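As structure tokens, the structure follows; a few thoughts come after it.
The values are calculated or read from the model by the stated rules, or taken from the named source; none is laboratory data. Because the structure is predicted, anything quoted here is derived from the model rather than measured. We place every Cβ from the backbone using ideal geometry, glycine too, and count neighbours over all the protein chains shown. The protein model used for the area step is the full one, side chains on, heavy atoms only, and it has no ligands, DNA or RNA in it. Shrake-Rupley method; radii C 1.70, N 1.55, O 1.52, S 1.80 Å.
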Amino acid sequence: MFDSENRTVVVVGAQWGDEGKGKLVDVMAERADWVVRYQGGANAGHTVHIGEKNFVLHQIPSGILHPGVRCAIGNGVVLDPDTLAIEIDELVEDGVDVEGRLYVSDRAHLVLPYHKLLDAESSASKEIGTTGRGIGPAYEDKAARRGVRVLDLRHPDRVRQLVERGVEHANARLSHSGSSKRVDVEETLDLLARLAPRLLGISEDVGLMVYRAQQQDAAILLEGAQGSLLDVDHGTYPFVTSSNTTSGGAAVGAGIAPMSIDAVLGVVKAYTTRVGNGPLPTEIEGALGEEIRRLGNEFGATTGRPRRCGWFDAVVVRYAARVNGLTGLAVTKMDVLDTLDELAICTGYDVDGELHTEFPGDIAALEKLVPRYEMMPGWKTPTRDARTLGALPAAARAYLDRIEELCETPITYVSVGTRRDQIIGLHEHV
Ligand code: IMP
């Protein structure tokens, strides 16, 4: 994965999230010096299976499970200090040593209880089907310049002022939306006073740390959360998250130069899923959709919600390849399709009788389009023990070849199961 030319590598989801980025980061972290999260927050749920144990990491980079790898939460993340503390404690309980190798950016904005309450009470959030983790309201406060950053915790007077302003705004919005709930300044300040020493103890200028690591030729992995189609600019707006999930966001959110990124790996499922509302052009309704959900255990890692399932959409992934500048694709969950007789790949969209092969920006078009499918035979053979491309059945290889061709991006990894070792690496680097 990392070689002499590819030292700073971004991993992004190239669909609607839940593509298996956690597993890929875990596999690649073996050769990384640093793993850095750059956007999103506790809305993410990166699952890593090691032996009998399942780890679900929401804010801490998945690299933490590799001793010796340093992990950082960048300025672009909205950080929930309360759940971060719980996540750290759980890792420590499981025997993972985080001491001296986990840092948070002093510039990262905090997700406070009133952000979570606003998310839970807002009708817009319900319509979108957000994770309820306060992500949207926290990014709103950041853009409105009333956010509380980690470094503010060094100045209690400033924190009080900011929290007073945030609470006033939140209560006005709650009252306007007809909610009877209100938030309290003192409760929020008590929480921050309790968590501040811990947070300040690991706060650093993460951009500078990563820059210095780059100067020393370290292998750096930038771990994206959610997926490209949930990007606030490039996704199915307004059914998106509130951050830039695509590779451009990696530079901004880690605090490094765009030119210092050498490669971008896009992670895709061998089919498509989406959790929450919004267009999913290749959605499979009925028994088959349910069967894939059961086979793939498609339930949200953060909220437990059932994920909607669909066929592989090459229009989506080719779009994600362009917007992210993907240099490689990792196709995950191939084994989930092992029992299907036939598979469909979407190669274009019919909108009012016209064929579209580029992903439209207007969700009105997405809602009325009819996917154009190419059918491919299933392989009807277990793939979970394959460790080389040659060990995969010919029909599975043909399916991957077609994905590679339609998405105009080389496949560099194929994942055939949840375990760390259930992976086929096709090239030395992305
Ligand atoms: P938010 O990020 O909680 O504001 O939710 C906005 C949209 O992004 C909703 O459709 C969520 O279901 C979706 N979303 C947020 N985080 C994830 C994730 O980690 N995986 C998949 N979908 C996500």
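Tabulated results
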read-out: Residue match in segment 86-95 (condition: at positive phi and within 16 Å of the chain's Cα centre (by Cα)); value: no
read-out: Subset tally (residues that are of a type outside the set (Phe, Trp, Tyr) and open to solvent by less than 10 Å² (accessible area, probe 1.4 Å)) for segment 340-352; value: 5
read-out: Qualifying residue in segment 350-359 (condition: under 23 Å from Gly22 (Cα atoms) and out of contact with any Phe, Trp or Tyr (no Cβ under 7 Å at 6 or more places or on another chain)); value: no
read-out: Checklist (1) hydrophobic (A, V, I, L, M, F, W, C); (2) over 20 Å from Ala330 (Cα atoms); (3) open to solvent by less than 10 Å² (accessible area, probe 1.4 Å); (4) part of a loop (DSSP other than H, G, I, E, B) applied to Leu84, failing item; value: (4)
read-out: Candidates Arg420, Arg397 - the one that is surrounded by fewer than 20 Cβ atoms within 10 Å (Cβ to Cβ) and touching a residue at least 24 places away in the same chain (Cβ under 8 Å); value: Arg420
read-out: Members of segment 1-14 found to be among the aliphatic types (A, V, I, L, M), more than 14 Å from the ligand (Cβ to nearest atom) and modelled with pLDDT of 95 or more, listed by number; value: Val9, Val10
read-out: Test: Gly22 is closer than 10 Å to Glu223 by Cβ, open to solvent by less than 10 Å² (accessible area, probe 1.4 Å) and away from the ligand (no atom under 14 Å from the Cβ); value: no
read-out: Condition check for Asp401: under 30 Å from Leu221 (Cα atoms) and acidic (Asp, Glu); value: yes
read-out: Single match in Leu337, Leu355 (criterion: in contact (Cβ under 8 Å) with a residue 12 or more places away in the chain, surrounded by fewer than 17 Cβ atoms within 10 Å (Cβ to Cβ), aliphatic (A, V, I, L, M) and out of contact with any Cys (no Cβ under 9 Å at 6 or more places or on another chain)); value: Leu355
read-out: Subset of segment 122-177 (residues that are among the acidic types (Asp, Glu) and open to solvent by 30 Å² or more (accessible area, probe 1.4 Å)); value: Glu127, Glu140, Asp157, Glu164, Glu168
read-out: Per-region count, segment 55-91, residues within 16 Å of the ligand (Cβ to nearest atom), free of Cβ contacts under 8 Å to residues at least 60 places away in the same chain and not aliphatic (A, V, I, L, M); value: 5
read-out: Residue within segment 360-367 that is under 30 Å from Asp231 (Cα atoms), surrounded by 15 or more Cβ atoms within 10 Å (Cβ to Cβ), among the aliphatic types (A, V, I, L, M) and over 23 Å from the mean Cα position of the chain (by Cα) present; value: yes
read-out: Search result, residues across segment 117-131 that are among the hydroxyl-bearing types (Ser, Thr, Tyr) and within 11 Å of the ligand (Cβ to nearest atom); value: Ser122, Ser125, Thr130, Thr131
read-out: Failed condition for Trp34, given (1) more than 14 Å from the ligand (Cβ to nearest atom); (2) under 26 Å from Pro279 (Cβ atoms); value: (2)
read-out: Which numbered condition Val206 fails, given (1) under 19 Å from Gly325 (Cβ atoms); (2) buried (at least 22 other Cβ atoms within 10 Å of the Cβ); value: (1)
read-out: Val185 vs. criteria surrounded by fewer than 23 Cβ atoms within 10 Å (Cβ to Cβ), within 16 Å of the ligand (Cβ to nearest atom) and over 18 Å from Thr8 (Cβ atoms); value: no
read-out: Qualifying positions in segment 283-306 - of a type outside the set (A, V, I, L, M) and farther than 25 Å from Lys23 by Cα; value: Glu285, Gly286
read-out: From Gly17, Gly41, residue being in contact with an Asp or Glu (Cβ under 9 Å, 6 or more places away or on another chain), within 23 Å of Arg133 (Cα to Cα), open to solvent by less than 10 Å² (accessible area, probe 1.4 Å) and at pLDDT 90 or above; value: Gly41
read-out: Leading residue by the ranking (farthest from Thr236 (Cα to Cα)) among those in segment 304-322 that are open to solvent by 10 Å² or more (accessible area, probe 1.4 Å) and touching a Lys or Arg at 6+ places or on another chain (Cβ under 9 Å); value: Pro306
read-out: Residue within segment 92-114 that is more than 24 Å from Met209 (Cα to Cα) and within 14 Å of the ligand (Cβ to nearest atom) present; value: no
read-out: Test: residue in segment 236-248 that is away from the ligand (no atom under 12 Å from the Cβ), in contact with a Ser or Thr (Cβ under 8 Å, 6 or more places away or on another chain) and among the β-branched types (Val, Ile, Thr); value: yes
